[in-house]
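J.: My questions will all concern the structure given below.
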Amino acid sequence: MKMRLSVRLLSSVVQKRPFYITTPIFYVNAAPHLGHLYSAVVADAIQRFEKLLNPDCNVIFSTGTDEHGTKVQQAAAKANLPLQEYCNNISKEYRDLFRDFEVDYTDYVRTTEDRHKKAVRHFWRKLVKNDYIYKAKYSGWYSVNDEAFVPETHTKDEITEDGKVKVSIESGHRVEWTEETNYMFRLSAFKTHLQEWLKTDGVIQPNKFQKQLQEFLSSSTYFPDISVSRPSSRVHWAIRVPDDEEQSVYVWLDALVNYLTVTGYPDEDVMKTRRAWPPDVHVVGKDILKFHGIYWPAFLMAAKWHPPRRIVCHSHWTVDGNKMSKSLGNVVSPGTVPATSALRYMLLREATMADDANYSETKLINIANSELADTLGNLTSRATGAALNPRGEFPALHTHELAECMSKHVTADLLDRLDRLPDICHQHYTNYQFYKVVDSVIHVLHLTNLFFETMKPWDLKKKSECQKELDVILHITLETLRICSIILQPIIPGMANKLLDKLQIPKDSRYWQHCEKPSWRVQGSIFETKNIQSGKFVLFQRIYADKKKMQKKIASG
């Protein structure tokens, strides 16, 4: 019986499907900015948490670049570069960005790759075969910036320097009246199906965005079919419609199919091996929610594929209170920010997903110095430094001295909060509330600093007979740092692992299960003195503002 059970368990592990998460693929009409990076680090934090929970989990984490369309044609012409060379350059910028900010993707898709073109053509033919695509004369308002047709009801008149123009209400971008013969997708056939799908609890998170899509569908008495191609004479840098060289596949349909490309589509043998469909999580910005929450599920339903299990939608970043835009000259290039680890930390620490967050370099520096350099970094340096810990140890616990220490109010407060911290943070991670994870950890670290100051280990160090009391203070502090570092790995992976390396925590002891109980709560456990890495340790170097740059900014503001 025992043997059959173990075989059955092994079989379930072997057959377990991977965790499949995606970012949008990023449009190469311009260099990466803060908003692109935010999408990527959100997805990365989610998949890192998944791996913390399930050490044996096979994660498929895809990202990439969307390289077709009118805006790419224009950008390449402006840069005076051949189209493919231009796309190669910008795509490399994204790869470099993700490397610098520890975005640990497994798959990188480019829409100019042959494997993706094959997937798009196959998907198109599937929609045609199922009678969801037809050819017709089409007229409507088209936004070049959004690469999308905009319904009349979603436009408004606006007075500009050029006089009265029509713009998209959603994006604010100018629209032009366009008449052409295109292929159309029968979106109208899927209104009821989409409404049913959107009744699934938590399918779009935060719930605010799920309600927006539900309201969009319920308020739309007219739910028209949509154009899924453009004349190739107008959009030549694109995938041609199969069997019709005069038409190019609509850039958004092309881009959305990338999520299938990753799974090996249309090769059924590869797809059966990867077993990735449907995606567990699509991470998207709110500006592209309609494409992922309306069009994409409808395309999938038409092709007889399951829609994604969940879409996690985030809001935008403003800069010094203003929307990022080229015209204002305030687009933040992540590569120009003082410290990459600090920016990643701030992006996940400040944003609430449901509402826009505001970036300023002053805020970045203040948060990084206060929380990373001082609250976390300085505490680590004091507890591991030669002044208080000259033997370089993670000392053993002494039962009598621990009990005496725990009787003090400042210790009891810290240990109570530390006991509850993993469960609290687990819930926040599950709800994609990264800022609450950090809030909770920082609160515990503040309590640890207060504990450290109150217990005055520097006084105990002067008395040889107080070594056991000093050991308990160092142990509690280092154990708190160990637990907090494990929890923070999805937020600041490099820094958290640097601290765990300092404490000589084995690589296979850094999973979520290893933070759930502090050493003094593990029954039957005997914590023996262990060595930590020797040498001076600086977890995070303080950032010093460029005063001239700041003064110039204040003067111009």
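J.: Evaluate the following for residue 40: is it open to solvent by less than 10 Å² (accessible area, probe 1.4 Å) and either over 23 Å from residue 145 (Cα atoms) or assigned to a helix (DSSP H, G or I) (or both)?
T.: Yes: the conditions hold for residue 40.
J.: Here is a list of conditions, (1) in contact (Cβ under 8 Å) with a residue 40 or more places away in the chain; (2) among the charged types (D, E, K, R); (3) under 21 Å from residue 540 (Cβ atoms), and residue 468 meets all of them except one; can you say which number that is?
T.: Condition not satisfied by residue 468: (3).
J.: Would you list the strands (runs of 3 or more DSSP E) that sit entirely within the stretch 100-183 and hold 1 or more residues that are touching a residue at least 60 places away in the same chain (Cβ under 8 Å) and under 30 Å from residue 490 (Cα atoms)? Explain how you work it out, then say what you get.
T.: Details: elements: 107-110, 133-143, 148-150, 155-160, 163-168.
Ranges flagged: 107-110.
J.: Looking for whichever is modelled with pLDDT of 95 or more and open to solvent by 20 Å² or more (accessible area, probe 1.4 Å) here; the options are 89, 29. Which one fits?
T.: 89
J.: Of these, 450, 474, which one is of a type in the set (A, V, I, L, M) and surrounded by 20 or more Cβ atoms within 10 Å (Cβ to Cβ)?
T.: Of 450, 474, the one residue that is of a type in the set (A, V, I, L, M) and surrounded by 20 or more Cβ atoms within 10 Å (Cβ to Cβ) is 474.
J.: Within the stretch 407-427, is there a residue that is farther than 17 Å from residue 518 by Cβ, touching a residue at least 12 places away in the same chain (Cβ under 8 Å) and assigned to a helix (DSSP H, G or I)?
T.: Within the stretch 407-427 (the criterion being farther than 17 Å from residue 518 by Cβ, touching a residue at least 12 places away in the same chain (Cβ under 8 Å) and assigned to a helix (DSSP H, G or I)), the answer is no, since none of the residues qualifies.
J.: Just to confirm my filter: which helices (runs of 4 or more DSSP H) fall fully inside the stretch 224-284 and include at least 2 residues that are surrounded by fewer than 24 Cβ atoms within 10 Å (Cβ to Cβ) and in contact with a Gly (Cβ under 7 Å, 6 or more places away or on another chain)? Show your work before the answer.
T.: Working: elements: 251-256, 258-261, 268-274.
Because the criterion is at least 2 residues that are surrounded by fewer than 24 Cβ atoms within 10 Å (Cβ to Cβ) and in contact with a Gly (Cβ under 7 Å, 6 or more places away or on another chain), the helices (runs of 4 or more DSSP H) in the stretch 224-284 that meet it are 268-274.
J.: Within the stretch 120-147, restricting attention to residues that are open to solvent by less than 20 Å² (accessible area, probe 1.4 Å) and touching an Asp or Glu at 6+ places or on another chain (Cβ under 6 Å), which residue is modelled with the lowest pLDDT?
T.: 142
J.: Yes or no: the stretch 484-505 includes at least one residue that is touching a residue at least 60 places away in the same chain (Cβ under 8 Å), open to solvent by less than 70 Å² (accessible area, probe 1.4 Å), under 27 Å from residue 349 (Cβ atoms) and hydroxyl-bearing (Ser, Thr, Tyr).
T.: No - not one qualifying residue is present in the stretch 484-505.
J.: Now for a different question. Determine whether residue 70 is crowded, with 17+ Cβ neighbours inside 10 Å, among the β-branched types (Val, Ile, Thr) and more than 26 Å from residue 343 (Cβ to Cβ). Before the answer, list the steps.
T.: Values: crowded, with 17+ Cβ neighbours inside 10 Å: yes; among the β-branched types (Val, Ile, Thr): yes; more than 26 Å from residue 343 (Cβ to Cβ): yes.
Yes; evaluated as a whole, the condition is true for this residue.
J.: Scan the stretch 96-112 and tell me whether some residue there is modelled with pLDDT under 95, closer than 23 Å to residue 24 by Cβ and in contact with a helix residue (DSSP H, G or I) (Cβ under 7 Å, 6 or more places away or on another chain).
T.: Checking the stretch 96-112: not a single residue is modelled with pLDDT under 95, closer than 23 Å to residue 24 by Cβ and in contact with a helix residue (DSSP H, G or I) (Cβ under 7 Å, 6 or more places away or on another chain).
J.: Another question, then. Give me the residue from the stretch 378-404 that is assigned to a helix (DSSP H, G or I) and open to solvent by less than 10 Å² (accessible area, probe 1.4 Å) and, out of that set, farthest from residue 349 (Cα to Cα).
T.: For the stretch 378-404, the residue satisfying everything is 383.
J.: Just to check your reading of the model, which residue among 383, 357, 387, 339 is of a type outside the set (D, E, K, R) and in contact with an Asp or Glu (Cβ under 7 Å, 6 or more places away or on another chain)?
T.: Of 383, 357, 387, 339, the one residue that is of a type outside the set (D, E, K, R) and in contact with an Asp or Glu (Cβ under 7 Å, 6 or more places away or on another chain) is 357.
J.: Look at residue 502 and say whether it is closer than 30 Å to residue 101 by Cβ and modelled with pLDDT of 95 or more. First the steps, then the outcome.
T.: Numbers: closer than 30 Å to residue 101 by Cβ: yes; modelled with pLDDT of 95 or more: yes.
Taking the combined requirement at face value, the residue satisfies it.
J.: Also, quick follow-up: Kindly provide the set of residues from the stretch 505-526 that are in a loop (DSSP other than H, G, I, E, B) and either of a type outside the set (A, V, I, L, M) or at pLDDT below 95 (or both), ordered by number. It would help to see each step written out before you state the result.
T.: Of the stretch 505-526, the ones in a loop (DSSP other than H, G, I, E, B) are 505-506, 510-511, 515-518, 522-526.
506, 510, 511, 515, 516, 517, 518, 522, 523, 524, 525, 526, listed by residue number.
J.: Does residue 85 fit the bill of being assigned to a helix (DSSP H, G or I), within 26 Å of residue 42 (Cβ to Cβ) and of a type outside the set (S, T, N, Q)?
T.: No.
J.: If you scan the stretch 463-498, which residues turn out to be within 13 Å of residue 514 (Cβ to Cβ), more than 19 Å from the chain's Cα centre (by Cα) and of a type in the set (A, V, I, L, M)?
T.: 483 - this is the single residue of the stretch 463-498 that is within 13 Å of residue 514 (Cβ to Cβ), more than 19 Å from the chain's Cα centre (by Cα) and of a type in the set (A, V, I, L, M).
J.: Kindly provide the set of residues from the stretch 184-221 that are open to solvent by less than 20 Å² (accessible area, probe 1.4 Å) and either part of a helix (DSSP H, G or I) or within 24 Å of residue 234 (Cα to Cα) (or both), ordered by number.
T.: 184, 185, 187, 190, 194, 209, 210, 213, 217
J.: So residue 287 clears everything in (1) crowded, with 17+ Cβ neighbours inside 10 Å; (2) touching a residue at least 60 places away in the same chain (Cβ under 8 Å) except one condition, right? Which one?
T.: With respect to (1) crowded, with 17+ Cβ neighbours inside 10 Å; (2) touching a residue at least 60 places away in the same chain (Cβ under 8 Å), residue 287 is out only on (1).
J.: From 44, 66, which residue is closer than 21 Å to residue 491 by Cβ, acidic (Asp, Glu) and touching a Pro at 6+ places or on another chain (Cβ under 9 Å)?
T.: 44
J.: In the stretch 152-164, which residue that is over 21 Å from residue 220 (Cβ atoms) and out of contact with any Asp or Glu (no Cβ under 6 Å at 6 or more places or on another chain) is most open to solvent (accessible area, probe 1.4 Å)?
T.: Only one residue fits best here, namely 161.
The values are calculated or read from the model by the stated rules, or taken from the named source; none is laboratory data. Computed from a predicted structure; not experimentally measured. For neighbour counting, all protein chains shown are included, and Cβ atoms are generated from backbone atoms with ideal geometry for every residue, glycine included. Please note that ligands, DNA and RNA were not included when accessible areas were found on the heavy atoms of the full protein model with its side chains. Shrake-Rupley method; radii C 1.70, N 1.55, O 1.52, S 1.80 Å.
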